[in-house]
Amino acid sequence: MDQSLYSQSLQIALPLMLFFGFHMLLSRTPDKKVFCNYLLSRRLMGVALLILAANYSVHLFTAIRLRNVNATILMNLSTYFLCYWLFYSAMMILLDKRHVTLGRFLRHLALWVAFSVSTCVVLFLFDNVLVQVWCMAALAAWLVGYGVFLSVHLLRTYSYAIKMFENTYSDDISQYIRWLSIFTYWAIGFGVSCGLLTFLPDKYIFIWILSSIPFYIYLYCCYQNYILFYEKVEKAFLKDVDMPKVSKAGDSVNANKGIPPSYYHEIGMRISDWIEKEGYRKPGISLIELSTLFCTNRTYISTYINTVYNMSFRDWISSLRIEYAKRLMKRHSDMKMNDISEMSGFASLNHFIRIFKAKEGSSPAKWREAEKITT
């Protein structure tokens, strides 16, 4: 092994890990009750990073890799197993505040203890090198399977949160938690690669260490940025804990039978009147607000929109706003796009342009120019 590369990579990674870990563990958040889950999530992530930093410290100050490669690999696998659970729990808390329970904590702790005991058995009871290698490969497969299992559960929870927001809010609340999905996919790739990179030949082991740096920089930056939007997202979660689970547009028992529910006619009339009065232009309109306005159950409205319009609440509101914006552009060819966006009810010009391009296949400016030519 090139000792200089090995030591230098550890010297680069360790201070970063310590800074990220202690900052996430100890830094303050706004003194509001709504930030409790965010603080718990960040502290769990900070603990995970400090555990990884402790692992790096053992590598740097004891040079264990040079003395016993198998012991080093087993130590790494055990460390990753624990950190997988901490990462998963930290992410899940941001999506489901009821996720952390004593029973779940004890189950995962027992799994980690069993995994760690297995590593000790392999290291101290099996003298045959080939047997140790095969056992380490089996433990690595166990680790990867555990990580994939946690990731799938996390992604399913994330997917449900996205659907809930789409069926509840006109604004794109889901954009604020999209980093959770990106991080999870990155974590799957990084977690699997860590399980494999730890088996690299000694002269290439610095790759395993350096590969972690961009991953943890991204994680740290995401947590720092998320605090700006967390309160808005958490309040949305708190308002919608009793929302019905809508798996896809059009799903309802009566819709599957082809029989409209008895309340459809009344809701349809109220929605038609609301559309005629251009109620959709109000910024930040939500399903909760609409159900209060109509004096009805929001489940009924959600089911009606999903079934009759075959789209989510957010897509439905966006389509109404886009059609209004198109009418504005036809009537007022010189009106600024920012004014059109604001009058149509969009949260920002960027949001308006992005939604318009997704629906019409071109930017609002190009669409208006094309309309001028055709007329």
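The values are calculated or read from the model by the stated rules, or taken from the named source; none is laboratory data. Computed from a predicted model, the values in this text were never measured in an experiment. Neighbour counts run over all protein chains shown; Cβ positions are idealised from the backbone, glycine included. SASA here: full protein model, heavy atoms, side chains in, ligands and nucleic acids out. Shrake-Rupley method; radii C 1.70, N 1.55, O 1.52, S 1.80 Å.
Surface composition of the chain: carbon plus sulfur atoms contribute 62% of the solvent-accessible area (1.4 Å probe, protein chains only, all chains present).
Label sites at LEU40 and TRP186, each approximated as a point 7 angstrom past Cα along Cα to Cβ, lie 2.5 nm apart. Between LYS336 and ARG28, the modelled labels are 3.9 nm apart [label points 7 Å from Cα along Cα→Cβ]. The modelled label-to-label distance between MET343 and LEU293, using points 7 Å beyond Cα along the C-beta direction, is 1.9 nm. For the residues TRP186, TRP179, TRP316, a 1.4 Å probe over the protein chains yields an accessible-area ranking, largest first, of TRP186, TRP179, TRP316. Given +1 at the Cβ of Lys and Arg, -1 at the Cβ of Asp and Glu and no other charges, the dipole of the chain around its Cα centre is 380 debye to the nearest 20. In a fully extended conformation the segment linking VAL69 and TYR309 would gain 80.2 nm over its present Cα-Cα distance, using 0.36 nm per residue.
Structural descriptor for segment 49-173: relative contact order 29 percent, calculated from alpha carbon pairs under 8 angstrom and at least 6 residues apart. Normalised per residue, the accessible area of segment 64-155 is 48 Å², obtained with a 1.4 Å probe and no contribution from ligands, DNA or RNA. Under the membrane-span-like helix rule (DSSP H runs whose alpha carbons stretch at least 24 Å along the helix axis, mean Kyte-Doolittle hydropathy -1.0 or higher), the chain yields 3-26, 36-62, 69-95, 102-125, 129-166, 178-197, 313-331. Stretching the chain fully between SER272 and LYS97 yields a gain of 59.2 nm (0.36 nm per residue, less the alpha carbon separation).
Positive-end ranking of PHE19, THR292, SER78 along the dipole of the chain, with charges on Cβ about the Cα centre, is headed by THR292. When shorter helices are ignored and each DSSP H run of at least 4 residues is given -39500 (n - 2.57), the per-residue value for the chain at 222 nm works out to -24500 deg cm²/dmol. With Rg/Rh (Cα atoms, Kirkwood Rh) defined as stated, name the option among (i) 1.03; (ii) 1.09; (iii) 1.00 computed from the structure displayed. It is the one labelled (ii).
Determine, from the Cβ-Cβ distance of LYS235 and PHE61 and an R0 of 45 Å, the FRET efficiency 1/(1 + (r/R0)^6), rounded to the nearest 0.05. With a Förster radius of 45 Å, E is 0.45. Toward the positive end of the charge dipole of segment 65-198, with +1 on the Cβ of Lys and Arg and -1 on the Cβ of Asp and Glu, the farthest Cα among SER118, PHE149, SER174 is that of SER118.
Relative contact order (percent) for the chain, with alpha-carbon contacts under 8 angstrom and 6 or more residues of separation?
Relative contact order comes out at 16 percent.
Once the C-beta distance of ASP127 and ASN225 is scaled by a Förster radius of 35 Å, the resulting FRET efficiency is 0.10 to the nearest 0.05.
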